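Peer 1: My structure is below; once you've seen it, I'll send some questions.
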Amino acid sequence: MNPFQHLVDANIQRINACVARAAEVSGRQSKDVTLVAVTKTQPAEAIRAAYEAGVRHFGENRVQEREEKLSQLADLDATWHFVGHLQSNKAARATALFQFIDSIDDAGLARRIARAIPEGHRYPVLLEMKLDLKESKFGLAADKISGVADAVISEPKLELRGLMGIAPVVNEPDQARPFFRQLREMRDALERRYNLPLPALSMGMSHDFEIAIEEGATQVRLGTALFGARRYA
Ligand SMILES: *Cc1c(COP(=O)(O)O)cnc(C)c1O
């Protein structure tokens, strides 16, 4: 028996109920919201337990950490998202290990990713917008988004799918709401700018995902709520 299964099963049940409730508030259904299990610091067995519980989307924020767990998880039919800060020199490795890069924050990085994609293929990406202007080191300021979006749109090997954001740490989850709204409005503005659907809105983490879903999140990135506290070596 997988030692993480009991914990993860119980957490998933609780999360699914919260997702359903929040989706209803925004006039949607659970199936409109994808749970991305963020597995940084978690062992392969914990990831496998989430897979057994029905999770199919996973996220890591470091290329090397994905590489380290790769061989133990090779049999899982899962979709992997890169959700961290990606250095340009790791772009090619990242595209080999992840099906999505959700955190593009630089036009040069977008070009490096495009160069790694074989002819005739399109690789899906999200732009990361900086929502926490005080604390966040990464992500694009609002006035830089459209420039980088232009660069992604002009790459035939990239497919712009939407936006990702990390809300500031707040005392009450509801205080994150204006930041999620800002991200959604930016997504809507880009859809109008390009006359293109940008269906992906990746926002909401363990402490604020219900508010994010109420504000239109289509992907929530959960670590602690699913696995408990991170296991730093
Ligand atoms: C770690 C991480 C998460 C998950 O955080 P929790 O608060 O544990 O749910 C989500 N998104 C990103 C980008 C992360 O690095």
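Peer 1: Considering only residues that are touching an Asp or Glu at 6+ places or on another chain (Cβ under 7 Å) and surrounded by 15 or more Cβ atoms within 10 Å (Cβ to Cβ), look in segment 133-147 and name the one that is nearest to D188 (Cα to Cα).
Peer 2: Within segment 133-147, the match that is nearest to D188 (Cα to Cα) is L140.
Peer 1: If I ask for residues that are hydroxyl-bearing (S, T, Y), closer than 25 Å to P168 by Cβ and over 19 Å from the mean Cα position of the chain (by Cα), which ones from segment 104-158 would you list?
Peer 2: S146
Peer 1: Now for a different question. So which pairs qualify, if the first residue must be in segment 161-181 and over 23 Å from L127 (Cα atoms) and within 12 Å of the ligand (Cβ to nearest atom), the second must be modelled with pLDDT of 95 or more and of a type outside the set (V, I, T), the Cβ gap must be under 7 Å, and the two must be at least 6 apart or on different chains?
Peer 2: Close Cβ pairs (under 7 Å, with a partner that is modelled with pLDDT of 95 or more and of a type outside the set (V, I, T)) amount to P173/H207; P173/D208; P173/E210.
Peer 1: Given the condition free of Cβ contacts under 8 Å to residues at least 60 places away in the same chain, within 16 Å of the ligand (Cβ to nearest atom) and either under 22 Å from A142 (Cα atoms) or out of contact with any Leu (no Cβ under 6 Å at 6 or more places or on another chain) (or both), answer yes or no: does some residue in segment 186-196 qualify?
Peer 2: no
Peer 1: Among the residues of segment 199-233, write down those that are away from the ligand (no atom under 13 Å from the Cβ) and without any contact (Cβ under 8 Å) to a residue 60 or more places away in the chain.
Peer 2: Residues satisfying the conditions are P199, L201.
Peer 1: For segment 116-140, what are the residues that are of a type outside the set (V, I, T) and part of a strand (DSSP E or B)?
Peer 2: Once the filter is applied, which keeps residues that are of a type outside the set (V, I, T) and part of a strand (DSSP E or B), segment 116-140 yields Y123, P124, L126, L127, E128, M129, K130, L140.
Peer 1: Between residues in segment 128-154 that are in contact (Cβ under 8 Å) with a residue 60 or more places away in the chain and residues that are exposed (fewer than 14 other Cβ atoms within 10 Å of the Cβ) and assigned to a loop (DSSP other than H, G, I, E, B), which pairs lie under 6 Å by C-beta distance while being six or more apart or on different chains?
Peer 2: Listed pairs, sorted by first residue: none to list.
Peer 1: Does any residue of segment 24-33 turn out to be at pLDDT 95 or above, loosely packed, with under 15 Cβ neighbours inside 10 Å, on the phi < 0 side of the Ramachandran plot and among the charged types (D, E, K, R)?
Peer 2: yes
Peer 1: Looking only at residues that are touching a Gly at 6+ places or on another chain (Cβ under 7 Å) and in a loop (DSSP other than H, G, I, E, B) in segment 167-199, which one is farthest from A217 (Cα to Cα)?
Peer 2: Looking at residues that are touching a Gly at 6+ places or on another chain (Cβ under 7 Å) and in a loop (DSSP other than H, G, I, E, B), I get L198.
Peer 1: Continuing with the same structure: Filter segment 1-27 down to the residues that are without any contact (Cβ under 8 Å) to a residue 40 or more places away in the chain and under 19 Å from A200 (Cα atoms) and list them by number.
Peer 2: If the condition is that a residue be without any contact (Cβ under 8 Å) to a residue 40 or more places away in the chain and under 19 Å from A200 (Cα atoms), then A20, E24, G27 are the ones that fit.
To keep it simple, each residue is scored yes or no on (1) assigned to a helix (DSSP H, G or I); (2) crowded, with 18+ Cβ neighbours inside 10 Å.
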position	(1), (2)
Q42	no, yes
R48	yes, yes
G59	no, yes
D75	no, no
A91	yes, yes
T95	yes, yes
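The values are calculated or read from the model by the stated rules, or taken from the named source; none is laboratory data. This one's a predicted model, so the numbers in the text were calculated from it and none came from an experiment. We place every Cβ from the backbone using ideal geometry, glycine too, and count neighbours over all the protein chains shown.
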